[in-house]
Structure formats: structure tokens, C-alpha cells
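What follows is a short report on a single structure.
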Amino acid sequence: QVQLVESGGGLVQAGGSLRLSCAVSGRTFSNYAMGWFRQAPGEERDFVAAISGSGGSTYYADSVKGRFTISRDNAKKTVYLQMNSLKPEDTAVYYCAARYGTAVLTAGGYTYWGQGTQVTVSS
């Protein structure tokens, strides 16, 4: 089975940075595409970024392009989301997700989910 645990969330001022981490347990980590999603109160769970199993392909929501970077270290079985130039509208619970195979950009395409980590950006 695959388990995911997010960390690194917290409170940051607008313009600041945070790095989220997602530690993954399970076999053949490199076979799993990984994604980050976020959900604000009363909102749908939205796509943020995704990365292929090898790390060779990355995908971003338009709202975070140029500010966020997704990466992975398959030796450490960890996925990261580096968030720079944070804005108050980035405030949400951020979820790490995994699926076997190719990266997709929809929450419904992912099989495994972490419990989420809160990111709050103050103005």
C-alpha cells in the first residue's frame, strides 16, 4: 500500500516562501506520478502541480506558474513543492497525491492522498 505524509505548511507573510514535503511509503515510487492540490474553505479541490515518475515532466496551474516548483527525489521517496512569492489567495490546505502511471491534472485521477497541510498567507 502507498501512504503519503505532508509537512512544511505554516503561516507566512505575503511575498514569502514555504517548501512543502510529501514523504511516500510503498513499492516502486518512481512508477507513480505525483501531484499537489489545494482546497480553500468552501471551494473545490484544485490542481496545483504534477510531476511524472521520473521527474522529467512537470505541470502547473496557471495561477502558480513562475512562483511554484514541483520536484521529486526518488532516492528519498519524497516530493516537494517550493512556493515563492506567496499571495493571500494561496491560503488553503495543500494535499499530496499519487497515482500509478502518467501524471494527470485532475483530483479524480489520483488514487492515494495525504492528510493535507495548512498553508496560510497573511497580507
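The values are calculated or read from the model by the stated rules, or taken from the named source; none is laboratory data. On a predicted model such as this, the values are computed, not experimentally measured, just so you know. Quick reminder, even Gly has a Cβ in these numbers, built from the backbone with ideal geometry, and neighbours come from all protein chains shown. Heavy atoms of the whole protein, side chains included, go into the accessibility calculation; ligands, DNA and RNA do not. Shrake-Rupley method; radii C 1.70, N 1.55, O 1.52, S 1.80 Å.
Those residues that are open to solvent by 40 Å² or more (accessible area, probe 1.4 Å) and within 14 Å of Ala33 (Cα to Cα), I need them from region 61-101; list them, please.
Within region 61-101, Ser71, Asp73, Asn74, Lys77, Arg99, Tyr100 qualify.
Name the residues in region 47-57 that are within 19 Å of Leu18 (Cα to Cα) and open to solvent by 10 Å² or more (accessible area, probe 1.4 Å), would you? Before the answer, list the steps.
Of region 47-57, the ones within 19 Å of Leu18 (Cα to Cα) are 47-51.
Result: Phe47, single match.
Restricting attention to region 26-46, which residues are within 17 Å of Gly114 (Cα to Cα), in contact with a strand residue (DSSP E or B) (Cβ under 7 Å, 6 or more places away or on another chain) and open to solvent by 50 Å² or more (accessible area, probe 1.4 Å)?
Selection gives Gln39, Arg45, Asp46.
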